[in-house]
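To start, the structure itself, in structure tokens.
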């Protein structure tokens, strides 16, 4: 009856559909402008569920990723020295980024958004070098389209694969989102673990240097 209607009685999947259809694309644009794989994979799954269209997801994330890297590139070109001088994190990654650029050259501009921990740093460093703006524009456009297509399709095919196991995907949507988020978190944590393990020798050297300085100060 109308008198018994409660706002919380609206099905959660219906609320999610309405919210994503109203706000989803601009949220995805901002997300991919700043970072992005996790949100893009989830958006691909939602596209399979019908909350988005797959071409719309690819186009939005492609534009967001492209604009983001163009922004970081010109930020490095205009304010790179200032940022390196005032950002400890950027300064720490500066030499590693330069080594990657020297080793792989033009290829770095294409794969920068795939490099964990250097997605934002590499375009900034490239902007600080003599790397041609026009070449970066072209490589960034191709890279953004490939990146948007790959990760949105990962989420889309996750939904398609789930439909082979579960007849009514919508009924178990919340659980599938949790499973997908758990898979994304596992990949992210594995990256952190590998990075921590690789920095082990450097931490050991710093520890030995500190112990040597402390020992000499007591002599």
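Quick look at the numbers
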{"quantity": "Residue identified as in contact with a helix residue (DSSP H, G or I) (Cβ under 9 Å, 6 or more places away or on another chain), at pLDDT 75 or above and not in a helix (DSSP H, G or I) among 110, 94, 118, 137", "calculated": "118"}
{"quantity": "Residue among 40, 54 that is in contact (Cβ under 8 Å) with a residue 12 or more places away in the chain, within 18 Å of residue 161 (Cα to Cα) and under 18 Å from the mean Cα position of the chain (by Cα)", "calculated": "40"}
{"quantity": "Among (1) at pLDDT below 90; (2) within 19 Å of the chain's Cα centre (by Cα); (3) surrounded by fewer than 23 Cβ atoms within 10 Å (Cβ to Cβ), the one test that residue 104 misses", "calculated": "(2)"}
{"quantity": "Some residue of the range 144-157 being more than 19 Å from the chain's Cα centre (by Cα) and crowded, with 20+ Cβ neighbours inside 10 Å", "calculated": "no"}
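The values are calculated or read from the model by the stated rules, or taken from the named source; none is laboratory data. The shown structure was predicted, so the numbers you read here are calculated from the model rather than taken from an experiment. Every residue, glycine among them, receives a Cβ derived from its backbone with ideal geometry; neighbour counts consider all protein chains shown.
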